[in-house]
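Chemist: I have a structure here, written as structure tokens, and I will follow up with some questions on it.
Bear in mind these aren't lab numbers, they're just calculated from the coordinates by the rules spelled out. Only a predicted model underlies this, so the values are computations on that prediction, with no experimental measurement involved. Here Cβ is always computed from backbone atoms with ideal geometry, including for glycine, and neighbour counts include all displayed protein chains.
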Amino acid sequence: MFSACRDRGVAVEINCRPERQDPPDDLLLLAAGIGCVFAIDTDAHAPGQLDWLDSGCSRAEQFGIGPDRVINTRAAPP
């Protein structure tokens, strides 16, 4: 599945919701290792839940995923 995402430029979601933490570490490492791009998502349902973004950014950093591979760090198209 991750190969198909990579080959088609489809982002893999890093879910920041504390009880979710998807994908699990082993699969996040696999996706990062084969060159996938990612979207960091809080899955927020209330304004205070936007604070979860830090945990997703930390997970990305932990697995060597830089901002250049996170689609929601990019500027919006004109």
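Chemist: With +1 on each Lys and Arg Cβ and -1 on each Asp and Glu Cβ, how big is the dipole of the chain about its Cα centre, in debye rounded to the nearest 20?
Modeler: So the magnitude is around 280 debye.
Chemist: How about the range 1-68: which GluC sites (Glu not before Pro) there lie in a loop by DSSP and see at most 14 other Cβ atoms within 10 Å?
Modeler: On the way: sites: GLU13, GLU19, GLU61; in loops: GLU19.
Within the range 1-68, the qualifying GluC sites (Glu not before Pro) (loop, at most 14 other Cβ atoms within 10 Å) are GLU19.
Chemist: Across 10 Å bins from the origin, how do the percents of Cα pairs in the range 2-72 run, short distances first?
Modeler: 22, 55, 21, 2
Chemist: Enter the angle in degrees (range 0 to 90, nearest 10) between the Cα long axis of helix 53-62 and the first principal axis of the Cα atoms of the chain, meaning the one along which they spread out most.
Modeler: The answer is roughly 30 degrees.
Chemist: If you don't mind, there's one more thing I want to ask. Can you tally the net charge around PRO18? Count Lys and Arg as +1, Asp and Glu as -1, for every other residue whose Cβ sits under 14 Å from the Cβ of PRO18.
Modeler: -3
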